[in-house]
Amino acid sequence: MVDFNALINGVEYGWSSITVNIGGVPILGIRGIKYEEEQEKENIYAAGAHPYKRGYGRVKTTASITLLGSTVMALKSNAPMGKLHLISPFTIVVSYLPKNGLIQTHHIKMCEFKKTAFDWKEGDMFKEIEFELITGEIVDKTNN
């Protein structure tokens, strides 16, 4: 049974407690990361008006990462033919490192960039670029 009321030393996870690595390299020019996992579920009906059982299907994962323009340019300079979508599948490791709590680590596996888009406007002093990723699975690890 999961205890949903448990406190982790009264510490909440925040942006300042997150580190992100791609291929073992810390990404400092990151402005955001989003990932989710969803499993297909369906009620199965038989006799009566209520579900008799439940069927379970595929697990789907999605992710996106938002990087500063300088980080994107650095990644492009090391990418095959300067194209992010040609980089081989990689793992993104997101670690939550609160000062007085449990370390949570999520491994987003088989990531690949789908496209690169730039959008600059007059007056921009920096650029955030969000990338949609194709992903495999998300593996959660907890360390005490």
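Table: residues versus (1) out of contact with any Cys (no Cβ under 7 Å at 6 or more places or on another chain); (2) loosely packed, with under 11 Cβ neighbours inside 10 Å; (3) farther than 23 Å from ALA74 by Cα; (4) hydrophobic (A, V, I, L, M, F, W, C).
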{"residue": "LYS99", "(1), (2), (3), (4)": "yes, yes, yes, no"}
{"residue": "GLN104", "(1), (2), (3), (4)": "yes, no, yes, no"}
{"residue": "PHE118", "(1), (2), (3), (4)": "yes, yes, no, yes"}
{"residue": "GLY123", "(1), (2), (3), (4)": "yes, yes, no, no"}
{"residue": "ILE138", "(1), (2), (3), (4)": "yes, no, yes, yes"}
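List the pairs whose first member sits in the range 42-70 and is of a type in the set (Gly, Ala, Ser), whose second member is open to solvent by less than 60 Å² (accessible area, probe 1.4 Å) and part of a strand (DSSP E or B), and whose Cβ atoms are under 7 Å apart, counting only residues at least 6 apart or on separate chains?
ALA63/TYR35; ALA63/ILE108; ALA63/CYS111; ALA63/LEU133; SER64/PHE131; SER64/LEU133; GLY69/ILE129
Name the one entry in ALA47, ALA74 that is over 13 Å from the mean Cα position of the chain (by Cα) and in a loop (DSSP other than H, G, I, E, B).
The conditions single out ALA47.
Can you confirm whether ILE65 is closer than 24 Å to ILE18 by Cα and among the aliphatic types (A, V, I, L, M)?
The answer is yes for ILE65.
Among the residues of the range 77-116, which ones are assigned to a loop (DSSP other than H, G, I, E, B) and over 15 Å from GLY23 (Cβ atoms)?
Passing the criteria: LYS83, LEU97, PRO98, LYS99, ASN100, GLY101, LEU102, LYS114, LYS115, THR116.
Hey, any hits in the range 51-70 for a residue that's of a type in the set (S, T, N, Q), assigned to a helix (DSSP H, G or I) and open to solvent by 90 Å² or more (accessible area, probe 1.4 Å)?
no
What is the one condition in (1) within 20 Å of the chain's Cα centre (by Cα); (2) closer than 27 Å to THR19 by Cβ; (3) open to solvent by less than 80 Å² (accessible area, probe 1.4 Å) that GLU36 does not satisfy?
(3)
Conditions: (1) hydroxyl-bearing (Ser, Thr, Tyr); (2) farther than 19 Å from GLY29 by Cβ; (3) at pLDDT 95 or above. THR66 meets all but one. Number of the miss?
Here THR66 meets the rest and fails (2).
The values are calculated or read from the model by the stated rules, or taken from the named source; none is laboratory data. For clarity, every value in this text was computed on a predicted model and none was experimentally measured. FYI the Cβ positions are ideal-geometry reconstructions off the backbone, even for glycines, and counts take in every protein chain you see. Ligands, DNA and RNA are excluded from the accessible area calculation, which covers all protein heavy atoms including side chains. Shrake-Rupley method; radii C 1.70, N 1.55, O 1.52, S 1.80 Å.
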